[in-house]
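Here is the structure we will look at, set down as structure tokens.
The values are calculated or read from the model by the stated rules, or taken from the named source; none is laboratory data. Here the structure is a predicted model, which means the values were calculated and not measured. Neighbour counts run over all protein chains shown; Cβ positions are idealised from the backbone, glycine included.
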Amino acid sequence: MAQGCILPVTSRDSQELRRSLQDPSTQRAILAAGEAIDNRDKYAYCDAVTYPLANPDDAAHKVFVDYVLRNVEGNEVIHKSYVQALPKAVVTIARQTKDVLGLVTPSVGKRASANDQTLKHRTRGDAFAYELLGTAELIRLNETVQSGSHAANNGPELRVYKTDRIDLGVRFNTGNRRNGEESGIFRPTSKQITRQSETFEADLLIRRNVGSGLAQKVRTIGVDFKHSRNSTP
């Protein structure tokens with residue numbers, strides 16, 4: 001017979017539990033756990049696809065690169081220089097994070113999409129290609145010159161370190177403001193009522209572990225790439 005003990009739950013225990021569930025840090029932990037469970041098959045799929053992408057010596061490498069970029073060649077809005085640079089870019093991205101979201105499968109968040117699909121967009125395909133190229137360039141700068149992208153306004157350097165996790169096209173709820181106060185991360189704004197978007201997107205999301213031991217935290221950096229067809233120096 002199984003051995004163990006039974007601990008009765010008192011009304012005070014129930015009150016403490018309900019109180020703890022109202023704590024913002026507890027809510028974030030529950031949300032993160034839910035996302036991990038919901039996306040475990042997605043991560044496994046991404047890992048299976050990006051592994052050949054990251055290794056040019058893999059027998060399936062070219063087939064996988066051609067598949068991910070299948071919507072590029074036929075899209076005339078994407079500049080030829082972008083077309084030529086994209087194969088190397090997807091290899092660089094896959095090498096940085098083997099189970100990267102947003103490259104071959106939609107990322108996390110409402111209405112999130114994958115880059116291999118958005119590259120076929122007839123008016124914004126070049127902008128989506130630029131997001132991949134920009135991400136790959138940040139990785140390359142760190143690998144080759146141990147640097148990042150310097151801010152024009154003397155702000156902090158934008159950099160992707162070797163140990164960083166990256167994901168593409170992650171969408172977040174905007175939150176819901178009532179009487180000037182943020183009411184929670186679980187309540188997206190209603191566009192019909194506020195005329196504001198329900199979500200905002202990080203073209204590139206960088207997750208970085210900072211600190212060590214019990215003091216270790218995850219720093220999250222969202223990047224919004226701006227593409228211009230008629231840029232001037």
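Each residue in region 109-130 was checked for being in a helix (DSSP H, G or I) and either at pLDDT 90 or above or β-branched (Val, Ile, Thr) (or both), and 7 pass.
Inside region 160-194, residues that are at pLDDT 50 or above, in a loop (DSSP other than H, G, I, E, B) and on the phi > 0 side of the Ramachandran plot make up a count of 1.
Of all residues in region 202-213, those being of a type in the set (Gly, Ala, Ser) and in contact (Cβ under 8 Å) with a residue 12 or more places away in the chain number 1.
It is to be established whether one or more residues within region 67-84 are within 18 Å of Ile166 (Cβ to Cβ), buried (at least 21 other Cβ atoms within 10 Å of the Cβ) and in contact (Cβ under 8 Å) with a residue 60 or more places away in the chain. No, region 67-84 has no match at all.
Is it true that Ala2 is of a type outside the set (Phe, Trp, Tyr), assigned to a helix (DSSP H, G or I) and at pLDDT below 70? No; evaluated as a whole, the condition is false for this residue.
Under the condition of being of a type in the set (Gly, Ala, Ser) and either within 13 Å of Leu132 (Cα to Cα) or under 24 Å from the mean Cα position of the chain (by Cα) (or both), the residues counted in region 53-80 number 1. Please work out which residue is nearest to the chain's Cα centre (by Cα), limiting yourself to region 124-159 and to residues that are closer than 12 Å to Thr92 by Cα and touching a residue at least 60 places away in the same chain (Cβ under 8 Å). Per the stated criteria, the residue is Thr135. Restricting the first member to region 214-230 and to residues that are more than 9 Å from Asp203 (Cβ to Cβ), and the second to residues that are hydrophobic (A, V, I, L, M, F, W, C) and modelled with pLDDT of 90 or more, the beta-carbon pairs closer than 6 Å and six or more apart or on different chains are Ile221/Ile206; His227/Ala127.
Please enumerate the residues belonging to region 150-170 that are surrounded by fewer than 20 Cβ atoms within 10 Å (Cβ to Cβ) and under 22 Å from Gly102 (Cα atoms). Explain how you work it out, then say what you get.
Within region 150-170, the first condition is being surrounded by fewer than 20 Cβ atoms within 10 Å (Cβ to Cβ), and the residues that meet it are 150-159, 161-165.
Across region 150-170, the qualifying residues are Leu158, Arg159, Tyr161, Lys162, Thr163, Asp164, Arg165.
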